[in-house]
Amino acid sequence: MTETNTAPTTTDTSAANDDALAPFADAAKALVDRCLAEPASDEDIAIVERQLGRYPRGMVAVGARCACGRPLAVVTRPMLPGGIPFPTTCYLTSPEAVKAASHVEAEGGMRDYNELLAEDESVRNAYHDAHLRYLAFRHELALRLGDSEEHIADTSAGGMPTRVKCLHALLAQTLVMGPGANPIGDLTLERIAGEFSPTVCRCAVED
Ligand SMILES: [Zn+2]
């Protein structure tokens with residue numbers, strides 16, 4: 001491992017982040033534009049509430065949809081109503097996708113991917129970029145919604161930038177941002193293709 005922890009030691013994390021996030025700013029703006037152009041509808045929120053078994057607080061938009069149109073992953077604002085910081089900006093909601101990612105975790109997928117990160121520098125670099133991409137997206141979302149990023153400015157999701165801890169979070173990023181955004185999310189999506197794919201509807205119909 002050649003990477004060192006470069007987390008800023010000052011409390012002003014936003015300034016320290018700006019340079020690192022700059023290469024991802026344009027893509028982040030475009031994605032936030034897309035989200036805000038089509039905010040979550042009442043029907044979307046109702047479906048996600050059934051998928052999660054709870055009301056999706058702070059849901060901004062549907063970030064990815066199944067071939068049938070149902071939400072697969074949602075975009076959630078950086079600060080929930082009541083001032084609660086929420087780092088998992090891309091959140092997996094499809095029960096079929098959640099189940100498929102859990103199967104990979106249960107069969108040791110996270111160990112495989114952590115080994116891959118340790119062995120392969122190009123994957124490691126791409127994974128670090130995925131982390132910055134995630135932060136750039138949330139930073140832009142926070143600016144546009146007027147949300148504070150206090151407490152979560154350097155926190156992405158799923159164990160990024162150096163570990164794989166939650167495939168659900170990484171898969172959600174891949175679904176929201178598309179192929180190439182997160183190498184481990186991409187590998188997870190490939191691995192579960194027989195069980196889940198955004199292009200093949202396997203939704204259990206209940207609406
Ligand atoms: Zn479907």
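Read-outs throughout are calculated quantities, based only on the coordinates presented, and are distinct from any laboratory measurement. Predicted model, so just to flag it, every value in this text is computed and none were measured. Ideal geometry is used to build each Cβ from the backbone, glycine not excepted, and the neighbour counts take in all protein chains shown.
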Inset, instruction - Could you pull out every residue, at least 5 positions away or on a different chain, whose amide H is within less than 5 Å of the one on Thr89? Hs are placed 1.01 Å off N in the peptide plane, and Pro or chain starts have none. - result: none
Legend entry - Gain in span if fully extended, Val123 to Asp26, counting 0.36 nm per residue against the direct Cα distance: 32.6 nm
Inset, instruction - For Phe86 and Asp19, compute 0.36 nm times the residue count separating them, minus their Cα-Cα distance, and round to one decimal in nm. - result: 21.8 nm
Inset, instruction - For Val200, enumerate residues with amide H under 5 Å from its amide H, sequence gap 5+ or separate chain, H modeled in the peptide plane. - result: Ala67
Legend entry - Net charge dipole size for the chain [Lys, Arg +1 and Asp, Glu -1 on Cβ; Debye, nearest 20]: 440 debye
Inset, instruction - Springs between alpha-carbon atoms under 10 Å, Gaussian network over the chain: tell me which of His128, His168, His151 tops the mean-square fluctuations. - result: His151
Inset, instruction - Could you point to the residue in Gln173, Thr89, Pro71 farthest towards the positive end of the range 17-191's charge dipole, with +1 and -1 charges on the Cβ of Lys/Arg and Asp/Glu respectively? - result: Pro71
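Could you give the length gained by full extension between Leu116 and Cys68, i.e. 0.36 nm per residue of separation minus their alpha carbon distance, to one decimal place? Intermediate values should be presented prior to the final figure.
Numbers: separation 48, 0.36 × 48 = 17.28 nm, distance 3.41 nm.
In short, 13.9 nm is gained.
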Legend entry - Residue-by-residue Karplus 3J(HN,Hα) for the range 145-150, coefficients 6.51, -1.76, 1.60, Hz, glycine and proline x: 9, x, 8, 6, 9, 3
